[in-house]
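Accompanying notes for the structure given below.
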Amino acid sequence: MNGNTPLVHTGSSPDGDGDYLAFSMVKRRNFLAAAAATAGGMGSGGTPAAEAPADPPVRLGGARGVTSAITDQDRVYMREAIRVMRQVGVIDRSAFPFGAIIVRDGKVIATSGNTVWKDRDPTAHAEVNAIREACRATGSIELPGAILYTSCECCPMCYAAAYFARIDKIFYAAGWRDAGFPDSNFNVYDDMTRPYPQRVLAPQQMLREEGKAVWDEFRKLPEKP
Ligand SMILES: [Zn+2]
């Protein structure tokens, strides 16, 4: 990848990806609703982010939650993610076809495919791998200003990883259902909206006081990690 083309949005017309919004916003709302305790009001809005920045539409760091026109440069980055997707899934046949890249300040700072089987790691999704690589490359656990281009719609784990890594923006190519996984793979979205006792894994609290005591102790430390 050439690296230094700035992510300047020229206001070019959307390229037919428009229906992603309605689809993904519902999922995103569901997911965030499940994490409502920390997500604030993000999950409650019914209004897709239609207010693309008008003039000039420049996407820079620190602007989460922005929906704007997709540019030719975005397509270049996404095609790199799709190239990696095809490499691992079709050419190497080492994994299901997923690829992701992370871009910041016009430079690709991480590129990865899915390595779940290779690493015997169910969390080694392309996006998580790319986030780990980007954090190692930058020496930070936060990636503000970064944009994640992923060949397929993020699963909740990858969305959350990007969220916690403070990535600004996600673009995805194929929809999750395009992958043709069994419907059971999609139940996680619904599952996470249910009260704990009704969820598949039925999280239960125990020894709360003992766990909380360590938090109390931690907060009193003069220096924290
Ligand atoms: Zn994932």
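Each value in this text was obtained by applying a stated rule to the coordinates, not by laboratory testing. All of these numbers come straight from a predicted model, not from anything done at the bench. With ideal geometry, Cβ positions are generated from the backbone for all residues, glycine too; neighbour counts draw on all protein chains shown.
One table, with the values for the structure above:
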item	result
Gyration tensor verdict on the range 182-222 (Cα atoms; rounded if a/c is under 1.5, prolate if a/b is larger than b/c, oblate otherwise)	prolate
Distance-filtered residues of the range 118-151 - backbone nitrogen under 16 Å, label point 7 angstrom along Asp105 Cα→Cβ	134-147
In sequence order, calculated HN-Hα J values of the range 138-144 (Karplus, 6.51, -1.76, 1.60; Hz; x Gly/Pro)	9, x, 9, 9, 10, 10, x
Segments 131-143, 68-80, 196-208, 89-101 sorted - mean Cβ within 10 Å per residue, highest first	89-101, 68-80, 131-143, 196-208
Per-residue ³J(HN,Hα) for the range 114-122, Karplus 6.51 cos²θ - 1.76 cosθ + 1.60, θ = phi - 60°, Hz, x for Gly and Pro	6, 10, 4, 6, 4, 9, 6, 9, x
Prolate/oblate/rounded label for the range 79-225 (Cα gyration tensor, a/c 1.5)	oblate
Karplus-derived 3J(HN,Hα), 6.51/-1.76/1.60, for each residue of the range 98-113, Hz, glycine and proline x	9, x, 8, 10, 10, 10, 9, 6, x, 10, 6, 9, 7, 9, 7, x
Theoretical gain in end-to-end length, Arg64 to Ala179 [0.36 nm per residue, Cα-Cα removed]	38.7 nm
Cross-link partners of Lys212 among lysines (Cα-Cα below 16 Å; sequence separation of 8 or more within a chain)	Lys220
Rounded to whole Å, sorted largest first: equivalent-ellipsoid semi-axes of the range 84-170, Cα gyration tensor	21, 13, 11
